[in-house]
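The values are calculated or read from the model by the stated rules, or taken from the named source; none is laboratory data. Not measured: the values here are computed from a predicted model. Glycine also receives a Cβ, built like all others from the backbone with ideal geometry; neighbour counts cover every protein chain displayed.
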Amino acid sequence: MSESDGPRDMVRLEKINLSFGENHVLKDLDLTVAPSEKVVIIGPSGSGKTTILRVIMTLNRPDSGCVIIDGRHLYHEERDGQLVPAREKHVREVRTDISMVFQHFNLFPHLTALQNLTLAPMKVLGLTREEAEERGMELLKRVGLADKASQFPGQLSGGQKQRVAIARALAMRPKVMLFDEPTSALDPELVGEVLAVIKDIALEGKTTMMLVTHEMGFAREAADRVLMFDSGRIIEEGTPEQVLKDPVHDRTRAFLRAVLSH
Amino acid sequence: MLSANQIQALLEGVSLTLRVFALAAVLGTVLALLFGIASLSDNRVLRWVSRIYVEVARGASAVVLLFYAAFAVPILLGVRSGRSFVFWAAVVALGVNMGGYGAEVVRTGIQSVPRGQTEAAISLNLRFIDRLRHVTLPQALVVMLPPYGNLSIEVLKATALVSLVGLADLTAEAQNLRVQRAVSGPRAATSLAIFGTALVFYFVMAQLLALLFRWLEQRLAGDWYRGRS
Amino acid sequence: MFAQVAFSWDWDYALDTLPKIARGLWQTVVATIVGISIGMVLGLVLALLRRSRHRIIRWPTIALIEFVRSTPLLVQLFFIFYVLPNFGVVLSPFVALVLGLGIHYGTYTSESYRAGIENVEVGQWEAATALNLSAATTWSRIVLPQAIPTVIPALGNYLVAMFKDAPLGFAIAAGGILLEAQAEASRSFRPMEPYTIMGVLFLAVSIPAAFFVRYLERRYGYERV
């Protein structure tokens, strides 16, 4: 738990353990992500890959271990030189740098698309309504949905909803963006438009991204690193070429065969 | 039928009934929100306190709470149990009773909001208070309104009990008229007319309350609810 | 405003009043049991009437149910106790009380029965018709046996609710826990002990009863109407 010398990791998980009752989902997990790196995590369901993202987003607290975001501990704070469990205030401060896109969108149904985007910037970042709406419209334009600004989520298609959700996450200008199977709940013909938006964010460069997905094509095109997850551990990692074309592990091979045969 | 004077007497009773109801409803709603939200807290103590409040507030009937508040509590506080005190004691008793039932309605309403909503709000780093105000409660409200409307009507009916502790509400005025009639002779209005009219007044108030809630449901639900997927 | 009254709890007096108030509690329980019996039967009758094909039966029934549900039980008790004698129906306080409870809660239970009956699948009715069963047999052997179990948790709820309303018998001198407590309090000028005991005894019955009803709800997979 020391400050690293040299280029700082953007995301760093140290010895993370998490059990849901009897189920030991994350086992002594170590993971680092460099600034602006795009990491794709693949693996069978129940392997714990979604849980990693949820731990980083503070949706599930780890039983033990540390999460460090851009050099700052997320779950701990330093007091009198000691590392103690952090208070809510501290967690919120560090969490500011992280945003998440959910498999089931989780848009606020009682707010319009634009309002979905402006709520948090106004309440959390302190933007005025004008500033928030300006930023919101810009982002809606970027994801191709400027004309849907005053529509409610119930009136949008799945692909449109997810694009609004991505814009909502971007509105917070996060350093780290997490994507939990962003296209798994979409009809096949809507997947492309969402992947295009995510690719756009990836190519633009600055944001550190972690994606859990089954879209291998996307991984090949946009990922810097691919991690294969199974039973709570990383069993293989490397560049997309290494892991996807030429996996070392049998488990990885079996998994890829099953996924790609759809 | 009833004379103008008698109708006026009943209407004065209605005025007190409505005053007790309105104040008790405000208190009841505040308590319902407080304890309803507290019962979902991460803090075990808060959860337990809410649970106890809900069980006791509901388990003790309105009438028991009313008598206790009006006659036993003054002794505890060392206060004289005058008319003004009994009025406020009644408001508190009915409000506390309503809060017990209301807290359950609030709790169910909040639990009906999908967890993903709270998670999205957390991912956007909204504070607990802002999550509640802007994400959870607006969605919970739509689910809460119908049972809350029924509850309000129950509270309105419960105000009739305050006549038993000496307040001059509609029921008490009806009782008064009945007693007066006994000394007024044959020309007086029948007790059928007296209690019948009182029942009709209550009926009208209850229906108006029901209409109010239906209107609220329409207004608050809004377009988004109907288009919701 | 806050006079310095030295209040001290008198245990002797408290224990002295306990049997009287407990007797009152028993009266309230008896009234509740009789009341719910009337209410259960009346509710079924009302539910069946409400389903009548003839508007002349249906509408007055609906009106009656709505009217009784929207008005206070207390006023209904006064009505039964003071108005009916003018029409030759003189009832003892106890009978007036259980009748009032039965009618008032009969309207609530009728809604539960209605929901239970409507929840019996259409297919059941169709099968009965296909088998050429008479209306009486269809109702007694097919529909009601399926409708009533789902109503049991609701009836349990109303039983507990009625227990909370039964002390109102006090208002028409029909005995009960409240009457005893209040009589004691006015007799001894010490309201604290009788009312506290009343509260404690009351909770001692109603809270366990509520837990039992919740257990019934879980067992019968109750869905709130």
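For this structure, a couple of remarks:
- Residue match in segment B:100-108 (condition: surrounded by fewer than 22 Cβ atoms within 10 Å (Cβ to Cβ), within 10 Å of another protein chain (Cβ to nearest Cβ) and not in a helix (DSSP H, G or I)): no
A quick yes/no check of all residues on (1) touching a residue at least 40 places away in the same chain (Cβ under 8 Å); (2) out of contact with any helix residue (DSSP H, G or I) (no Cβ under 9 Å at 6 or more places or on another chain); (3) closer than 28 Å to B:G100 by Cβ:
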residue: B:Q139; (1), (2), (3): no, no, yes
residue: B:M144; (1), (2), (3): no, no, yes
residue: B:G149; (1), (2), (3): yes, no, yes
residue: B:V155; (1), (2), (3): yes, no, yes
residue: B:A160; (1), (2), (3): yes, no, yes
residue: B:E173; (1), (2), (3): yes, no, no
residue: B:G196; (1), (2), (3): no, no, no
residue: B:F201; (1), (2), (3): yes, no, yes
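- Some residue of segment A:77-88 being surrounded by 18 or more Cβ atoms within 10 Å (Cβ to Cβ), over 25 Å from A:I201 (Cβ atoms) and not aliphatic (A, V, I, L, M): yes
Each row is one residue, and each column tells you yes or no for (1) more than 30 Å from C:W125 (Cα to Cα); (2) without any contact (Cβ under 8 Å) to a residue 24 or more places away in the chain; (3) surrounded by 21 or more Cβ atoms within 10 Å (Cβ to Cβ).
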{"position": "C:A154", "(1), (2), (3)": "no, no, yes"}
{"position": "C:L168", "(1), (2), (3)": "yes, no, yes"}
{"position": "C:E180", "(1), (2), (3)": "yes, no, yes"}
{"position": "C:V200", "(1), (2), (3)": "yes, yes, no"}
{"position": "C:P208", "(1), (2), (3)": "yes, yes, no"}
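- Filter result for C:F67 (in contact with a Ser or Thr (Cβ under 9 Å, 6 or more places away or on another chain), at pLDDT 90 or above and surrounded by 20 or more Cβ atoms within 10 Å (Cβ to Cβ)): no
- Any chance A:L156 is within 12 Å of chain B (Cβ to nearest Cβ), more than 25 Å from A:R95 (Cα to Cα) and buried (at least 20 other Cβ atoms within 10 Å of the Cβ): yes
- Residue-level check: of (1) under 21 Å from C:V29 (Cα atoms); (2) in a helix (DSSP H, G or I); (3) more than 10 Å from chain B (Cβ to nearest Cβ), C:R141 misses just (1).
- The helices (runs of 4 or more DSSP H) found wholly in segment B:112-204 and carrying at least 2 residues that are within 14 Å of chain A (Cβ to nearest Cβ) occupy B:115-123, B:137-158.
- C:P149 being part of a helix (DSSP H, G or I) and surrounded by 20 or more Cβ atoms within 10 Å (Cβ to Cβ): no
- Whichever residue in segment B:79-99 is of a type in the set (G, A, S) and within 20 Å of B:V26 (Cβ to Cβ) and, among such residues, is surrounded by the fewest Cβ atoms within 10 Å (Cβ to Cβ): B:S84
- Test: residue in segment A:216-234 that is farther than 21 Å from A:F108 by Cβ, among the hydrophobic types (A, V, I, L, M, F, W, C) and within 14 Å of chain B (Cβ to nearest Cβ): no
- Residue within segment B:32-46 that is within 14 Å of chain C (Cβ to nearest Cβ), in contact (Cβ under 8 Å) with a residue 24 or more places away in the chain and not polar (S, T, N, Q) present: no
- Checking A:H110 against (1) buried (at least 16 other Cβ atoms within 10 Å of the Cβ); (2) closer than 27 Å to A:L211 by Cβ; (3) not acidic (D, E), the condition it does not meet: (2)
- The set of residues in segment A:63-109 that are in a loop (DSSP other than H, G, I, E, B) and aliphatic (A, V, I, L, M) comprises A:L74, A:A86, A:L107.
- Residue check, A:A202 buried (at least 17 other Cβ atoms within 10 Å of the Cβ), modelled with pLDDT of 85 or more and not hydroxyl-bearing (S, T, Y): yes
- Within the set C:I38, C:I21, the sole residue that is surrounded by 15 or more Cβ atoms within 10 Å (Cβ to Cβ), among the β-branched types (V, I, T) and within 22 Å of C:L99 (Cα to Cα) turns out to be C:I38.
- Residue check, B:A89 in a helix (DSSP H, G or I) and either under 30 Å from A:V124 (Cα atoms) or within 14 Å of chain A (Cβ to nearest Cβ) (or both): no
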